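A.B. asks: So that we are looking at the same thing, I have put the structure below in structure tokens.
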Amino acid sequence: MSSETTITTRILLAEDDNDMRRFLVKALENAGYNVASFDNGLSAYNRLREEPFELLLTDIVMPEMDGIELARRATELDPDIKVMFITGFAAVALNPDSQAPKDAKVLSKPFHLRDLVNEVQKLLQAA
């Protein structure tokens with residue numbers, strides 16, 4: 001495969017904070033990713049049902065459908081999708097009975113955009 005035909009990794013982002021969402025999209029697009037972003041879990045889930053994504057990047061606390069429910073449904077649709085939670089409530093977020101995907105990564109706010117991009121790259125490279 002020549003370098004011109006490399007497929008851009010597609011990331012589905014669900015984050016209800018508009019400023020945060022804009023920053024995340026910009027950082028990920030600058031790193032070469034194709035990002036579809038939504039301000040709630042339900043809209044993101046509906047998009048996921050239409051087309052595949054390699055990574056779901058989601059806030060946990062959101063209106064309409066929280067990030068854990070979104071991740072659970074996403075992995076039912078596509079068992080290969082990678083999941084990363086971004087949250088200010090990491091300790092609360094992934095208690096054992098939350099039913100979050102077991103190999104999901106958690107990035108706690110606040111974080112540097114560079115750290116986000118590094119974590120996304122690591123997660124996507126993991127087999």
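The values are calculated or read from the model by the stated rules, or taken from the named source; none is laboratory data. This one's a predicted model, so the numbers in the text were calculated from it and none came from an experiment. Positions of Cβ are generated from backbone atoms using ideal geometry, with glycine treated the same way; all protein chains shown enter the neighbour counts. Only protein heavy atoms, including side chains, enter the accessible area calculation; ligands, DNA and RNA are left aside. Shrake-Rupley method; radii C 1.70, N 1.55, O 1.52, S 1.80 Å.
A.B. asks: Only one of 94, 123 is open to solvent by 20 Å² or more (accessible area, probe 1.4 Å), within 13 Å of the chain's Cα centre (by Cα), at pLDDT below 95 and hydrophobic (A, V, I, L, M, F, W, C); which?
C.D. replies: The unique qualifying residue is 123.
A.B. asks: In the set 105, 109, which member is within 17 Å of residue 25 (Cβ to Cβ), at pLDDT below 95 and surrounded by 12 or more Cβ atoms within 10 Å (Cβ to Cβ)? Break it down into steps so the answer makes sense when it comes.
C.D. replies: Numbers: 105 fails: within 17 Å of residue 25 (Cβ to Cβ).
Testing whether each residue is within 17 Å of residue 25 (Cβ to Cβ), at pLDDT below 95 and surrounded by 12 or more Cβ atoms within 10 Å (Cβ to Cβ) leaves just 109.
A.B. asks: Say whether the condition of being open to solvent by less than 70 Å² (accessible area, probe 1.4 Å), out of contact with any strand residue (DSSP E or B) (no Cβ under 7 Å at 6 or more places or on another chain), β-branched (Val, Ile, Thr) and in a helix (DSSP H, G or I) is met by at least one residue in the range 19-27.
C.D. replies: Step one: list which residues in the range 19-27 are open to solvent by less than 70 Å² (accessible area, probe 1.4 Å), which gives 20-21, 24-25, 27.
Right, trim to out of contact with any strand residue (DSSP E or B) (no Cβ under 7 Å at 6 or more places or on another chain) and you get 20, 27.
From what's left, β-branched (Val, Ile, Thr): none.
No, the range 19-27 contains no residue that is open to solvent by less than 70 Å² (accessible area, probe 1.4 Å), out of contact with any strand residue (DSSP E or B) (no Cβ under 7 Å at 6 or more places or on another chain), β-branched (Val, Ile, Thr) and in a helix (DSSP H, G or I).
A.B. asks: In addition: Considering only the range 17-28, I want to know if a residue exists there that is over 21 Å from residue 121 (Cα atoms) and either in contact (Cβ under 8 Å) with a residue 24 or more places away in the chain or touching a Cys at 6+ places or on another chain (Cβ under 9 Å) (or both).
C.D. replies: Step one: filter the range 17-28 for residues over 21 Å from residue 121 (Cα atoms), giving 17-19.
Next, from what is left, pick out any that are either in contact (Cβ under 8 Å) with a residue 24 or more places away in the chain or touching a Cys at 6+ places or on another chain (Cβ under 9 Å) (or both): 17.
Yes, that holds for at least one residue.
A.B. asks: Hey, could you check the range 1-25 for residues that are of a type in the set (S, T, N, Q) and within 22 Å of residue 51 (Cβ to Cβ) and say which is modelled with the lowest pLDDT? Even if it seems obvious, please write down each step before you answer.
C.D. replies: Of the residues in the range 1-25, the ones of a type in the set (S, T, N, Q) are 2-3, 5-6, 8-9, 18.
Going one step further and asking which of them are within 22 Å of residue 51 (Cβ to Cβ), we end up with 5-6, 8-9.
Values: 5: 44, 6: 54, 8: 83, 9: 94.
For the range 1-25, the residue satisfying everything is 5.
A.B. asks: I've got another one for you. Return the residues of the range 57-86 that are open to solvent by less than 70 Å² (accessible area, probe 1.4 Å) and of a type in the set (Asp, Glu); say none if nothing qualifies. Step through it out loud before you land on a result.
C.D. replies: First, pick out the residues of the range 57-86 that are open to solvent by less than 70 Å² (accessible area, probe 1.4 Å): 57-60, 62-63, 65-72, 74-75, 78, 81-86.
If the condition is that a residue be open to solvent by less than 70 Å² (accessible area, probe 1.4 Å) and of a type in the set (Asp, Glu), then 59, 66, 69, 78 are the ones that fit.
A.B. asks: Collect the residues in the range 80-91 that are more than 19 Å from residue 121 (Cα to Cα) and at pLDDT 95 or above, keeping them in residue-number order. Full working, then the answer.
C.D. replies: Within the range 80-91, the first condition is being more than 19 Å from residue 121 (Cα to Cα), and the residues that meet it are 88-91.
Of everything in the range 80-91, nothing turns out to be more than 19 Å from residue 121 (Cα to Cα) and at pLDDT 95 or above.
A.B. asks: I'd like to know if the range 40-56 contains one or more residues that are surrounded by 21 or more Cβ atoms within 10 Å (Cβ to Cβ), in contact with a Gly (Cβ under 6 Å, 6 or more places away or on another chain), farther than 19 Å from residue 22 by Cβ and at pLDDT 90 or above.
C.D. replies: no
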